[in-house]
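Asks: Once you've had a glance at the structure underneath, I'll fire off some questions.
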Amino acid sequence: MQNPKPYGQTMKSKGGLFRLINALRYTWDGLRAAAKHEEAFKQELMIVIPLSVLAWLIPGISLLEHALLFSVLQLILIVELINSAIEANTDHISLERHPLAKRAKDMGSAAVFLTIVIAVAIWGAVLWHRFAN
């Protein structure tokens, strides 16, 4: 009897349109899981969604500045998703306290914090440039 494919190989798609459809479904599943299970992601969504709309409505700034304000907000969510994935994988491996698990989680948290600092700096610079005069 032939061995079944390892789990990871069964998840790989062949390509083409089905690969795109599956990738979109996995993306949606990931966003839903984060919104359902990750408190930090929920809190960030409550800030990022209205600011993302506002980023396109601020008068008197260039298209590039609108895009920059919008994109840096999305970057916060991207880094939070990566941080949440690191935390979930670390917890999947073991729920025991371990210095390396703590380090991985702390580094993910630091990445989110630095992304928020970048976002605040960019929003501050664009708004200062537009409204300081």
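The values are calculated or read from the model by the stated rules, or taken from the named source; none is laboratory data. Values in this document were obtained by computation on a predicted structure and should not be read as measured data. Here the Cβ is made from the backbone with ideal geometry for all residues, glycine too, and neighbour counts use every protein chain on show.
Asks: Do you know which of the residues in the range 13-65 that are modelled with pLDDT under 95 and polar (S, T, N, Q) is nearest to Leu75 (Cα to Cα)?
Replies: Filtering first and then ranking leaves Asn22.
Asks: Ser84 fails exactly one of the following numbered conditions: (1) in contact with a Leu (Cβ under 8 Å, 6 or more places away or on another chain); (2) under 20 Å from Ala33 (Cβ atoms); (3) among the small types (Gly, Ala, Ser). What is the number of that condition?
Replies: (1)
Asks: Tell me, which residue of the range 94-119 that is over 16 Å from the mean Cα position of the chain (by Cα) and surrounded by 12 or more Cβ atoms within 10 Å (Cβ to Cβ) is farthest from Glu65 (Cα to Cα)?
Replies: Pass one, the range 94-119, residues over 16 Å from the mean Cα position of the chain (by Cα): 94-104, 106.
Checking the rest, the ones that are also surrounded by 12 or more Cβ atoms within 10 Å (Cβ to Cβ) come to 98, 101, 104.
Values: His98: 43, Ala101: 39, Ala104: 34 Å.
It comes out as His98.
Asks: Of the conditions (1) surrounded by 12 or more Cβ atoms within 10 Å (Cβ to Cβ); (2) in the same structural domain as Leu127 (by TED's automatic domain parsing); (3) in a helix (DSSP H, G or I), Ile61 fails just one. Which one is it?
Replies: Of everything listed in (1) surrounded by 12 or more Cβ atoms within 10 Å (Cβ to Cβ); (2) in the same structural domain as Leu127 (by TED's automatic domain parsing); (3) in a helix (DSSP H, G or I), Ile61 misses just condition (3).
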